[in-house]
Amino acid sequence: MMRPSHFLCCALLGLAPVACGPGTSADQDPAVDRSDSKTVDLDHLTITVAGRAEVFPEAARLLEARGQPVPTLDGVALTIEEPLRIGVNDADSVFGRGSVGTEGGFAVPDVPVRDINLSLATSLEPEGFVRSSTVVFDTVFTRTRPRTDIIGARAWALPNTFHDTLTQAVGESWIRAHTEDRARALREAGFILGRVVDASGAPVAGARVVLDRGELANRVYYPAPDFQSATQDATSATGLFLYVHSGAAAESFTLSIQGARDYLPRHAGAAPGRALVLTLYPGNTTP
């Protein structure tokens, strides 16, 4: 059963006290590199989000294998946002804007964190790419807002060519079935592209992604290493998985790894016209 978008708004706002309450053990998010971060003035509650924007690794390899150049992202506009709120057209879901510099570097200062409910993401939408958001902070790790700068963040870009390949791997007929014929491609449906990795950051084969909403379980696919097909069994050597949205109203849920308690459930969601990119890893520190 679909959930209307205003229900999702209420759900996000309802979770805000949990997400913004006292930290469980420390004032900083352990899920990202903090070695060079400075403590944020809690009276103002703003941070800097810095890192690199790159073409998604498998997409870059696919282009190279086809003899096509990997496009540069220098000068591309970059947004700092809460992806689940973007999905319900919340006017306050964007927290900062910047652009990608030379060699893919970016830094967006003065990002307010007071109104973050569940997660924070970097978003890219250059010409020739799918609009995508990459999760860089999830309140599941601290049950509070970030209180130090986020450095070493990644913003993954998904070229249209790679999107088309993923669409073919899942199959138009299955996308049409999942969307009640509203969409024939992943972009139109909305989708999640995720990777399961181990503590060293290496892809995990044989992992099964489960959702906290059983009625959505049949929407998870695992692309083959050559992207010529996809199954619903488990991750291949790439560790990649896809979630196919309905092409209708935005929905939210949590993702976890079946039988792996060291992988914390992660906040996720999907909406038509966009992709969410995230990495699932054990513990609470990014490999």
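At a Förster radius of 22 Å, what calculated FRET efficiency corresponds to the Cβ-Cβ distance of Glu215 and Val140, to the nearest 0.05?
For R0 = 22 Å, the calculated efficiency reads 0.50.
Please list 189-198, 65-74, 51-60 highest first by mean number of surrounding beta-carbon atoms within 10 Å per residue.
Output ranking for 189-198, 65-74, 51-60: 189-198, 51-60, 65-74.
Just to confirm a number: summing +1 for Lys and Arg and -1 for Asp and Glu over residues other than Ile192 whose beta-carbon lies under 13 angstrom from that of Ile192, what do you get?
Result for the neighbourhood of Ile192: +4.
Along Cα→Cβ, 7 Å out, is where each label goes; now give me the distance between the ones at Arg182 and Thr285 in nm to one decimal.
Result for the modelled spin labels: 4.2 nm.
Tell me the carbon and sulfur percent of the accessible area for region 191-287, rounded to whole percent, probe radius 1.4 Å.
51 percent
Cβ neighbours within 10 Å, averaged per peptide: list 120-126, 104-110, 93-99 in order, most packed at the top.
In descending order of packing, they fall as 120-126, 93-99, 104-110.
Between Thr46 and Ser200, what is the label-point separation in nm under the 7 Å Cα-to-beta-carbon projection?
4.2 nm
Hey, got the dipole for region 143-233? About the Cα centre, +1 on K and R Cβ, -1 on D and E Cβ, debye to the nearest 20?
Result for region 143-233 is approximately 440 debye, rounded to the nearest 20.
Could you list the square roots of 5 times each eigenvalue of the Cα gyration tensor of region 101-253, that is, the equivalent ellipsoid semi-axes, sorted largest first and rounded to whole Å?
So the equivalent ellipsoid measures 27, 18, 18 Å along its semi-axes.
The values are calculated or read from the model by the stated rules, or taken from the named source; none is laboratory data. Quick caveat: nothing in here was measured; it's all calculated off a predicted structure. Please note: Cβ atoms are built from the backbone with ideal geometry, for glycine as well, and neighbour counts cover all protein chains shown. What goes into the accessible areas is simple: the full protein's heavy atoms, side chains included, and nothing from ligands, DNA or RNA. Shrake-Rupley method; radii C 1.70, N 1.55, O 1.52, S 1.80 Å.
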